[in-house]
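To keep things clear, I will list the structure first and then write my remarks on it.
The values are calculated or read from the model by the stated rules, or taken from the named source; none is laboratory data. Worth saying up front: this structure is predicted, and the values here are computed from it rather than measured. Please note: Cβ atoms are built from the backbone with ideal geometry, for glycine as well, and neighbour counts cover all protein chains shown. All accessible areas refer to the heavy atoms of the entire protein, side chains included, with ligands and DNA or RNA removed. Shrake-Rupley method; radii C 1.70, N 1.55, O 1.52, S 1.80 Å.
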Amino acid sequence: MEPKIWRNGFRIEGITRAQITALACSKTPEGHSEWSLRLLAEKAVELEYIDAISHTEVGRILKKTNLSLT
């Protein structure tokens with residue numbers, strides 16, 4: 001069984017972490033030259049990957065996958 005990440009009373013499933021990671025690797029939205037952690041968090045909620053997530057939690061997810069936005 002895959003370990004779960006618990007933050008602020010909710011858990012982030014592996015599929016959600018994978019969706020956020022894939023989103024970070026995708027083309028940026030029109031009007032943006034690159035992804036920011038805040039933009040990724042907003043887009044993940046907009047795409048209904050998760051109900052709510054902070055930009056710092058997005059950073060933790062990407063850090064665990066060794067993905068850098070730079």
Q. Regarding Glu34, is this residue assigned to a loop (DSSP other than H, G, I, E, B), more than 19 Å from Arg11 (Cα to Cα) and not hydrophobic (A, V, I, L, M, F, W, C)?
A. yes
Flagged in the stretch 46-55 as part of a helix (DSSP H, G or I) and either open to solvent by less than 70 Å² (accessible area, probe 1.4 Å) or touching a Cys at 6+ places or on another chain (Cβ under 7 Å) (or both), in numbering order, are His55
Q: Kindly establish whether Glu42 is assigned to a helix (DSSP H, G or I) and acidic (Asp, Glu).
A: yes
